[in-house]
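**Student:** This is the structure I want to talk about, given as structure tokens.
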Amino acid sequence: MDGNGRWARQRGLPRIEGHRRGVETVRHIVEASGQCGVRYLTLYAFSAENWKRPAAEVSALMLLLQGFLRSEVDELVAKKIRLHTIGRTAELPAAVQKELARALQATAHFTDWHLTLALNYGSRTEVADAAAAYAREVLAGREDPAQCSYEKLARHLNTAGLPDPDLVIRTSGESRISNFLLLQAAYAELVFTPVLWPDFSPDDFRSALAEYSGRERRFGATGEQLQPTASR
Ligand code: IPE
Ligand code: MG
């Protein structure tokens with residue numbers, strides 16, 4: 001979800017106004033995902049690197065997050081959406097953690113629709129944490145490094161139990177992954193759009209899904225293997 005700052009600057013507004021509008025976009029895109037049958041939606045809301053921003057912007061983002069969680073929990077329950085988080089949430093302000101715990105608990109029994117918020121998330125710290133957790137299993141005699149596989153390591157990733165993303169969308173014209181789900185997105189389709197996040201509409205979301213639908217996903221195989229008759 002990139003481009004909030006630029007959206008605000010283009011209008012001579014403070015960056016936080018862009019973030020505020022960005023929250024509106026989140027509501028619309030959660031709604032659109034439901035309509036499109038997207039059962040798993042992950043939003044990169046705050047990266048492990050975003051702490052570098054000016055303290056006032058970080059506090060404002062945390063307040064917005066707190067407000068979003070408080071105001072949205074009823075909506076999530078009404079739509080039967082289960083909330084998940086990935087990232088080191090224990091390092092978030094106590095007030096945010098409190099709202100998070102409430103929302104996670106209130107939605108924990110839902111099974112069909114899933115909204116994951118990446119909060120204080122970064123792939124590299126996630127992998128380091130997973131390696132440490134795996135190493136502890138080895139020390140306890142429960143894992144044998146000779147039998148290590150990606151699947152076994154992935155059980156210790158923040159995303160354990162969640163499917164890999166099929167599609168990753170980045171807004172605002174940047175063509176970067178920026179430490180987002182690096183392992184999980186190994187075979188994801190990537191869509192980059194110039195639209196700034198506050199302007200990203202349900203129609204833009206549907207366009208990205210349409211682009212995804214038109215791609216051939218081979219997962220290392222050949223096109224002929226996937227559609228044996230099509231090329232003859
Ligand atoms: C939102 O966009 C990303 C968040 C951390 C919430 P930015 O704040 O990165 O917007 P730009 O890149 O400055 O335009
Ligand atoms: Mg940015």
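The values are calculated or read from the model by the stated rules, or taken from the named source; none is laboratory data. Keep in mind that this is a model prediction, so the values were computed, not measured. So basically every Cβ, Gly included, is an ideal-geometry build from the backbone, and we count neighbours across all protein chains shown. Accessible surface is based on the protein model in full, side chains and every heavy atom, while ligands, DNA and RNA are left aside. Shrake-Rupley method; radii C 1.70, N 1.55, O 1.52, S 1.80 Å.
**Student:** Under 6 Å between Cβ atoms, which residue pairs at least 6 apart in sequence (or on different chains) link something in the stretch 167-182 that is of a type in the set (V, I, T) with a partner that is away from ligand 1 (no atom under 14 Å from the Cβ)?
**Tutor:** Every condition considered, the pairs that remain are V168/A185; V168/A188; V168/L190; I169/V191; I169/A208.
**Student:** Give the stretch 187-202 a look and list any residue that's within 26 Å of L157 (Cα to Cα), open to solvent by less than 70 Å² (accessible area, probe 1.4 Å) and either without any contact (Cβ under 8 Å) to a residue 24 or more places away in the chain or within 16 Å of ligand 2 (Cβ to nearest atom) (or both), or say none.
**Tutor:** Answer for the stretch 187-202, where residues must be within 26 Å of L157 (Cα to Cα), open to solvent by less than 70 Å² (accessible area, probe 1.4 Å) and either without any contact (Cβ under 8 Å) to a residue 24 or more places away in the chain or within 16 Å of ligand 2 (Cβ to nearest atom) (or both): just L190.
**Student:** For the stretch 144-158, what are the residues that are under 15 Å from I86 (Cβ atoms) and open to solvent by 90 Å² or more (accessible area, probe 1.4 Å)?
**Tutor:** Correct list: R155 only.
**Student:** Report whether or not V138 is open to solvent by less than 50 Å² (accessible area, probe 1.4 Å) and within 30 Å of E17 (Cβ to Cβ).
**Tutor:** No: the conditions fail for V138.
**Student:** Now for a different question. For the stretch 6-20, check the following and say yes or no: at least one residue is touching a Ser or Thr at 6+ places or on another chain (Cβ under 6 Å), within 12 Å of ligand 2 (Cβ to nearest atom) and either free of Cβ contacts under 8 Å to residues at least 40 places away in the same chain or charged (D, E, K, R) (or both). Spell out how you get there, then give the answer.
**Tutor:** Of all residues in the stretch 6-20, those touching a Ser or Thr at 6+ places or on another chain (Cβ under 6 Å) come to none.
So far as the stretch 6-20 goes, no, none of its residues is touching a Ser or Thr at 6+ places or on another chain (Cβ under 6 Å), within 12 Å of ligand 2 (Cβ to nearest atom) and either free of Cβ contacts under 8 Å to residues at least 40 places away in the same chain or charged (D, E, K, R) (or both).
**Student:** On to the next question. Taking the options G161, G141, G173, name whichever one is within 16 Å of ligand 1 (Cβ to nearest atom) and either of a type in the set (D, E, K, R) or part of a loop (DSSP other than H, G, I, E, B) (or both).
**Tutor:** G173
**Student:** While we're here: Please tell me if F205 is in contact (Cβ under 8 Å) with a residue 24 or more places away in the chain and either assigned to a strand (DSSP E or B) or out of contact with any strand residue (DSSP E or B) (no Cβ under 7 Å at 6 or more places or on another chain) (or both).
**Tutor:** So F205 passes the test.
**Student:** Still on this structure, please answer the following. Among the numbered criteria (1) among the small types (G, A, S); (2) surrounded by 15 or more Cβ atoms within 10 Å (Cβ to Cβ); (3) assigned to a helix (DSSP H, G or I), which one does A132 miss?
**Tutor:** A132 satisfies all of (1) among the small types (G, A, S); (2) surrounded by 15 or more Cβ atoms within 10 Å (Cβ to Cβ); (3) assigned to a helix (DSSP H, G or I) except (2).
**Student:** Does Q66 fit the bill of being open to solvent by 60 Å² or more (accessible area, probe 1.4 Å) and more than 15 Å from the chain's Cα centre (by Cα)?
**Tutor:** no
**Student:** Which residue, of T222, T229, T159, is away from ligand 2 (no atom under 16 Å from the Cβ), among the hydroxyl-bearing types (S, T, Y), over 25 Å from E24 (Cβ atoms) and touching a residue at least 60 places away in the same chain (Cβ under 8 Å)?
**Tutor:** The unique qualifying residue is T159.
**Student:** While we're on this one: Go through the stretch 16-66 and give me each residue that's outside any helix (DSSP H, G or I) and near ligand 1 (Cβ under 10 Å from one of its atoms).
**Tutor:** Those that are outside any helix (DSSP H, G or I) and near ligand 1 (Cβ under 10 Å from one of its atoms): L43, Y44, A45, F46, S47, E49, R53.
**Student:** Sticking with this one: Examine the stretch 217-225 for a residue that is in a helix (DSSP H, G or I) and open to solvent by less than 70 Å² (accessible area, probe 1.4 Å), and state whether such a residue exists.
**Tutor:** yes
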